[in-house]
Amino acid sequence: MILSEINIYPIKSLSGISLNNAVVEKRGLQLDRRWMLIDEKQNFLTQRNFPKMATVSVEILENGLRVSLNNDELVIPLEPNTNETESVKIWSSRCRAQVYEDNINEWFSDALKTNCRLVLMPAETKRKVSYFYAVHKDDVVSFADAYPFLLIGESSLADLNSRLKNPVPMNRFRPSFVVSGADAFAEDGWRRIRIGDVVFHLVKPCARCVVTTIDQSNGAKQGVEPLKTLASFRIPKRSIKKKILFGQNLIAENVGKIVNVGDAVEVLETSSKKLVFNL
């Protein structure tokens, strides 16, 4: 098995960037979801309510980010030039973030047709992972929904696409890592793996949402697929909340190292509690 894709999403819910290598940090891959757009109530914005966010492209520059939409672009410094901070909300958690200056906020507000502001998660902000699934007491996460990393197997997507009338690309699921060479849904049974020199704990299956129905190339909702088909065979038996599972959330054991496309993926430990689905 090898690592076939590495992806980051610098600004939460905007377009992703595929990389050949990346530095593994405690809160996620370097530069991954360190920025986020918030509304007037300091709540995070996502494609769930603003699917057009998918069409705003992001490029990493030496000293900042370049965002663009319909031939209109803006260069954003890596840190704001203001001293303003806000307590921002991501689902049930709150954390302190730095707010960018007005001209940057106006660009995003015009692009998305809603009043919003761009914020940065500074190094001193520690947004903790849910203690139910944390591996270490100091496990933290970026502005990602809940966990630092997400892994999906290529064969798992191939299995799903074999059931769909219109196959979907991997970017519908916005993974950090894609693995080739494993059986379909093999990742369901992994407990600990090594990618290159980094050990990861697989702590929780990923529950999928309406973002998977959005075409990432044009920001258009594509009906009920692939959620409808996933729901037909990826809701665990005896599940109370009926979550549709696809992919696995990860926490890194050792950080500060680089992972590369082509790195070997080794299973170190499997789970004694295998997920059982209605097939």
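The values are calculated or read from the model by the stated rules, or taken from the named source; none is laboratory data. This one's a predicted model, so the numbers in the text were calculated from it and none came from an experiment. Using ideal geometry, Cβ is built from the backbone for each residue, glycine included, and neighbour counts are taken over all protein chains shown.
Do the conditions hold for A231, that is, is it surrounded by fewer than 19 Cβ atoms within 10 Å (Cβ to Cβ), within 16 Å of P169 (Cα to Cα) and either over 18 Å from the mean Cα position of the chain (by Cα) or not polar (S, T, N, Q) (or both)? Explain how you work it out, then say what you get.
Working: surrounded by fewer than 19 Cβ atoms within 10 Å (Cβ to Cβ): yes; within 16 Å of P169 (Cα to Cα): no; either over 18 Å from the mean Cα position of the chain (by Cα) or not polar (S, T, N, Q) (or both): yes.
Here the answer is no, as A231 does not meet what is asked.
If we scan the stretch 202-220, do we find a residue that is part of a strand (DSSP E or B), farther than 19 Å from G262 by Cα and polar (S, T, N, Q)? Break it down stepwise before answering.
Residues of the stretch 202-220 part of a strand (DSSP E or B): 202-207, 214-215, 220.
Filter once more, so that each one left must be farther than 19 Å from G262 by Cα: 202-207, 214-215, 220.
With polar (S, T, N, Q) added as a condition, the list becomes none.
Looking through the stretch 202-220, none of the residues is part of a strand (DSSP E or B), farther than 19 Å from G262 by Cα and polar (S, T, N, Q).
Looking at the stretch 151-166, which of the residues that are out of contact with any helix residue (DSSP H, G or I) (no Cβ under 6 Å at 6 or more places or on another chain) and surrounded by fewer than 22 Cβ atoms within 10 Å (Cβ to Cβ) is nearest to G262 (Cα to Cα)?
E154
Please tell me if Q47 is polar (S, T, N, Q), modelled with pLDDT of 95 or more and not in a strand (DSSP E or B).
Working: polar (S, T, N, Q): yes; modelled with pLDDT of 95 or more: yes; not in a strand (DSSP E or B): yes.
In short, yes.
Does E79 satisfy the criteria of being more than 29 Å from D138 (Cβ to Cβ) and exposed (fewer than 15 other Cβ atoms within 10 Å of the Cβ)?
Details: more than 29 Å from D138 (Cβ to Cβ): no; exposed (fewer than 15 other Cβ atoms within 10 Å of the Cβ): yes.
In short, no.
Do the conditions hold for C95, that is, is it touching a helix residue (DSSP H, G or I) at 6+ places or on another chain (Cβ under 8 Å) and either touching a residue at least 24 places away in the same chain (Cβ under 8 Å) or of a type in the set (F, W, Y) (or both)? Can you show your working first?
Values: touching a helix residue (DSSP H, G or I) at 6+ places or on another chain (Cβ under 8 Å): no; either touching a residue at least 24 places away in the same chain (Cβ under 8 Å) or of a type in the set (F, W, Y) (or both): yes.
Spelling it out, it is not the case that C95 is touching a helix residue (DSSP H, G or I) at 6+ places or on another chain (Cβ under 8 Å) and either touching a residue at least 24 places away in the same chain (Cβ under 8 Å) or of a type in the set (F, W, Y) (or both).
Taking the residues in the stretch 14-58 that are under 14 Å from the mean Cα position of the chain (by Cα), without any contact (Cβ under 8 Å) to a residue 60 or more places away in the chain and within 20 Å of N71 (Cα to Cα) as candidates, determine which candidate is surrounded by the most Cβ atoms within 10 Å (Cβ to Cβ).
Top of the filtered list is L14.
Listed here are the residues, each with its yes/no results for (1) closer than 18 Å to I244 by Cβ; (2) touching a Pro at 6+ places or on another chain (Cβ under 6 Å).
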residue: F143; (1), (2): no, no
residue: P148; (1), (2): no, no
residue: S155; (1), (2): no, no
residue: N161; (1), (2): yes, yes
residue: R172; (1), (2): yes, no
residue: R191; (1), (2): no, no
